[in-house]
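Heads up: the structure comes next, in structure tokens.
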Amino acid sequence: MALLDGEVYEAYRTELLNRYRQLLRTLGNRITKEKTAKIREAFDFAARAHEGTFRKSGEPYIFHPLAVAQIAVGELGLGSTSVISALLHDVVEDTDVTLDEIERRFGPKVADIINGLTKISVVFEAVDNSSIQAENFKKMLLTLGEDLRVILIKLCDRLHNMRTLGSVSENTKLKIASETMYIYAPLAHRLGLNAIKTEMEDLALKFTDPSVYREISSKIAESKLSRQRYIREFIEPIKETLNASGLNIHEIKGRPKSIYSIHKKMLKQGIPFEEVYDAFAIRIIVDSPINQEKTDCWRVYSIISDSYQTHESRLRDWLSRPKNNGYSALHTTVLGPKGRWVEVQIRSKRMDEIAERGLAAHWRYKAIHNEDVPPTPQDQAFDHWLDAVKETLDNNDLSALDLVNEFKNTLLGEDIYVFTPKGAVKSFPMGSIALDFGFSIHTEVGLKTLGAKVNNKLVPISHELKNGDIVEILTTTKYRATQHWLGIVKTGRSKSKIREFLRDEKTKQSGRGRQIMERMFQKHAINFTDKNIKLLNKHYGYTHSSEFFHAVADGQIRMNKELLLEILQKDKNKDSVVPTTKDGVNKSPENIRKKAAQIVFGEDYDLPYSLARCCNPLPGEPIFGFITVGEGVKIHRTTCPNASKLMSQYGYRIIPATWRSVYETAFDAHISVRGIDDVGIVSKIADIISKDMEVNMKSINIKAHDDGTFGGQIEVLVRNSEDLQLLCDRIKSTHKHIEVSRIEGK
């Protein structure tokens, strides 16, 4: 190796061979001697291609593709073609090796996978031509239908990058972690790769909110012994019955929920770690033949429900209808020892492997046992999803960012299942509305939808559908689609058909507006020229003539002869009007207050900025800057609800930012309080804020409710996040049954 000599080089070679041998041991006896020889050839080829290059951590670069191959085999159970592709996945992008050379040495299938992986790497890069970015993203998604291994290896690559993210800059950490949360973790979930999805989410939290990550992980570690004791107590009453039942119980184990999912539950419910009752679940795995799995799982459920009281509203039957990512199991929540609610997951050994390794494990299982078995619900669900992906890709009107958003919002979430009045089943992304159902029947039905009957009750087109709903669409004879519809529908098909209709209508409307202007020009003996139309566009602030004509036809623009002549005769050299918003507020960058005494930009940028209202960052909280168009830099918290989207889609507009150590200004913060009502509680809270803490209270709105509780909001001015946390803690101390939390986006 060019940059390593003597003993260092020998140590490197020893470590490299050890890692390679570990990869072969993981593959075991699954591959032939011929395939082993091909893997060795790929390993040697990659080692030579990456010779002399190092990662940010300082380790030789070849260790990275070896690690990706190890994840592909050890954690996903992929085979020799995937191993070869993983070993070579960066050679075309990072070295002088060409795809033609890869194809000559390793065949067309490996070359196709490498080509797909190379394209994926530029999906989120900032490129000037958005059509190129859209095309790259489309090609990435098309690989789902052509060869799933491209996506699987990419997910292994991203997982290893996340595991070794500690050696890059803070800004890069935030960008990669946010990008992972925005696209890659949901994609892993959609493909049923639960273990990869969970680890990605936990690692992303580790780098975006390290203090929260450390706090929860340490509490999980501290509770490990008590958790194990509790699991033994839970199993004891049912162990004998399970053994006597004749069921082949493969394993009973307890597993803590992921750090990220616990954090999400704490935020959603506004509770501390100690009050997350389902911080762990008990999993019972039964070893059954495939035709006996469902029956055996229900037998296990029967034994558990005989021993423990079940929570009726918490039964989840994914045996009858598996999730759209292939997940199949039976979940129930029971009242265990010491009066604790415990989630119990019941699944077969095959289901357990699919739950961790996703559809890749499902397909491999089918190939091993019988390639000719009929399609399962898992197969059908995935095929339906692929059809939805392809339908989204067929929409050529979507920009690159629209395409990413469409994929993220409608194709990576959970599905719901609803019925037509005749009993046909249709699946939709969670959050879909009655109008989406209309478009799923036919475009004409969707465009003419007036309302719907859901479970025989009249509902508006915006009614959100739920699992099991029976839906009947009510139509009129006229088209009713408006721009507003684009903001409420959920599915890609609905949006595509509405856009297509509105575009056609806009073209017709623009034509009518053009005719109106032609007649006006003719009436007043004015030449109808492109030059004069451009002057009108400029005056009214339109970029394209079609937009101007559309506004004329809509009645948004009205003019008489005097106004028309005044616009056309205006001095063309005068400066244009300063851009304003609809409410007339000047939004030019120079009018945004600079607060140089509070924010320091990482590379000495001298830009005007303002605090983002979606997360209202406070001094002391980790922040970043986002360069907007026309509004200077917006300062967001790294944990802002919009951070993942901004960093993953606009990474080139992110700049590092930190707070100065001295703050001269107080900042707005909103807090929510609720709890059991008590005499004088509002007065106590007000005294703590104004007298004890000497915090300026801008407003307080707290009401008592008929059910004996109270709740409301308080707006205060604080210096930093520590002051706000201290204030919340002090308010909590006023009463045993009171909850206090910060309100986001105020």
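Each reported figure results from applying straightforward, stated rules to the coordinates on display, with no laboratory input. Values in this document were obtained by computation on a predicted structure and should not be read as measured data. FYI the Cβ positions are ideal-geometry reconstructions off the backbone, even for glycines, and counts take in every protein chain you see.
Before moving on, here are some points about what is shown:
- The peptide list 199-206, 558-565, put in order of mean Cβ contacts within 10 Å with the highest first, becomes 199-206, 558-565.
- Over 21 Å (Cα to Cα) - which of 197/323; 154/349; 109/175 fall in this group: 154/349; 109/175
- Lys, Arg +1 and Asp, Glu -1 on Cβ, resulting dipole of the range 14-104 about Cα centre, debye, nearest 20: 580 debye
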